[in-house]
Every structure is written in structure tokens, then in C-alpha cells.
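The values are calculated or read from the model by the stated rules, or taken from the named source; none is laboratory data. This one's a predicted model, so the numbers in the text were calculated from it and none came from an experiment. No Cβ is skipped: glycine too gets one built from the backbone with ideal geometry, and neighbour counts run over all protein chains shown. For the accessible areas, the whole protein counts, side chains as well, though only heavy atoms, and no ligand, DNA or RNA atoms are used. Shrake-Rupley method; radii C 1.70, N 1.55, O 1.52, S 1.80 Å.
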Amino acid sequence: MATSSTTGTRAPARPMRADARRNYDRLLGEARTSFAEHGTDASLEDIARRAGVGIGTLYRHFPNRHALMNAVFQEALTALLARSRELAGSEQPCVALVEWLGALVSHAGEYRGLAQALMSASADRTSALTQCHVPLRQAGALLLERAKANGAVRADVSIDDLLQLTNAIALAAEQTPADPDLANRLLRLTLQGLRAEP
């Protein structure tokens, strides 16, 4: 990426050409469909073929699988961040926190393999999925701190542990499709474990 010699700042990115934008949008649409049907390990070659482009075009837009996953999940990320802002004013901070964690579990369960990928990304700063993880972590930390300040949640609970826990719940639910209420039961247990001693 070019930088200014006087300021050291990045030069603004050039807008995408119309044909490149069409290819990008088609790839994103096909990736959403493929991830929903086959999980996040869906064939990138098949995604490119269904979008009507070569695999090289896919890699020009998305250098690796996590970059493509990050692009696919931006809409859900926006919704989760908006929900966290709505819940930040709740009069019941612990309930708000658990409700948001439930929304996170639902999101992670939309695509088979997403929960595991998010768990891995939390420890890998080089992953493109970090772009999803970091704002979610910040949003969750605010809700957690409100619940702690209210005395509803134990002081030793960390947002990193909660995010790993929600991904583990989503992964458990993914592995147990015959039990659709499993995630809710595990979240209720989480709520019991979060509460501060009276």
C-alpha cells in the first residue's frame, strides 16, 4: 500500500472498477450460500466456479479463506455490534450480557465451522477473522463491565473466557443437531456461573 512521503499516512484506496465490484459481489453471494450449505470449509474452487470466475480472481479479492469468511460475516457483525449498543442501557446488565452472548451463539451457529474458526482467530492476531473478533470483544467487554459494576457478575470473569465459552457452546450445538435446545440450556448454566455471590 502506498504511503505519503511527507505524512507517512496511507494513500486512499482506489475505488473498485465496475467489473471487479461485480465479481466481488458475486463471490460474496456464492460464499454465503456455500457456507450455509456446506459449512465454512466449503470448496473455494466451487465458490469461484459458481460465481463465474476463476480461482485466481477469488484470491485477488480474498487472499485466504479467513479473509472471505470475514467479508461474509460483516453484516452479522454489524447487527451484533448494534445489539450490544442497544443492550448497554439495560437496567439489568447481567441479563443484557447473557442475551448478547446468546445472539453471539446464534450467529456462530449459522455456518458449520464458524465457531471453531472464531476460537482459533482469538489466538491468532494475523487472521483476517481478527477483524470480527476485536470489535466483538470490545462490545462484550463493555457489557461485562456494566454487569460487574452493578454487582451482578463475579469480578474474576473475563471477556476472553466468555467469548471462548460462547464459541464452545455454538460448537457443541453444531455437533448435536438432534438437540435444538442445547445452546439455550448451556447459556442458562453460564448465567448461573457468572452471578456474583449474594
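Looking only at segment 32-53, count every residue that is surrounded by 15 or more Cβ atoms within 10 Å (Cβ to Cβ), of a type in the set (Ser, Thr, Tyr) and either touching a Cys at 6+ places or on another chain (Cβ under 8 Å) or not in a helix (DSSP H, G or I) (or both) and tell me the total.
1
Of all residues in segment 100-112, how many are assigned to a loop (DSSP other than H, G, I, E, B) and open to solvent by less than 30 Å² (accessible area, probe 1.4 Å)?
1
Looking at segment 151-162, which of its residues are surrounded by 16 or more Cβ atoms within 10 Å (Cβ to Cβ) and at pLDDT 90 or above?
The answer is Val157, Ile159, Leu162.
Report whether or not Ala173 is open to solvent by 60 Å² or more (accessible area, probe 1.4 Å) and either touching a residue at least 24 places away in the same chain (Cβ under 8 Å) or part of a loop (DSSP other than H, G, I, E, B) (or both).
Spelling it out, it is not the case that Ala173 is open to solvent by 60 Å² or more (accessible area, probe 1.4 Å) and either touching a residue at least 24 places away in the same chain (Cβ under 8 Å) or part of a loop (DSSP other than H, G, I, E, B) (or both).
Go through (1) closer than 26 Å to Ala31 by Cβ; (2) in a loop (DSSP other than H, G, I, E, B); (3) touching a helix residue (DSSP H, G or I) at 6+ places or on another chain (Cβ under 7 Å) and name the single condition Val157 misses.
The failed condition is (1).
Report whether or not Ala115 is of a type in the set (A, V, I, L, M), over 14 Å from the mean Cα position of the chain (by Cα), surrounded by 14 or more Cβ atoms within 10 Å (Cβ to Cβ) and closer than 16 Å to Thr40 by Cβ.
For Ala115, the condition - of a type in the set (A, V, I, L, M), over 14 Å from the mean Cα position of the chain (by Cα), surrounded by 14 or more Cβ atoms within 10 Å (Cβ to Cβ) and closer than 16 Å to Thr40 by Cβ - is not met.
What residue, of Leu142, Leu97, Leu80, is without any contact (Cβ under 8 Å) to a residue 60 or more places away in the chain, open to solvent by less than 70 Å² (accessible area, probe 1.4 Å) and not basic (Lys, Arg)?
The unique qualifying residue is Leu80.
For the list (1) modelled with pLDDT under 90; (2) open to solvent by less than 70 Å² (accessible area, probe 1.4 Å); (3) not small (Gly, Ala, Ser), I need the number of the one condition that Thr9 fails.
(2)
Give the residue that is farthest from Asn70 (Cα to Cα), with candidates limited to residues of segment 12-52 that are at pLDDT below 95 and among the acidic types (Asp, Glu).
Asp19
Where the second residue is assigned to a helix (DSSP H, G or I) and the first is in contact (Cβ under 8 Å) with a residue 60 or more places away in the chain and lies in segment 24-45, which pairs have Cβ atoms under 6 Å and are six or more apart or on separate chains?
These pairs meet every condition: Thr40/Met69; Thr40/Leu114; Thr40/Ala117.
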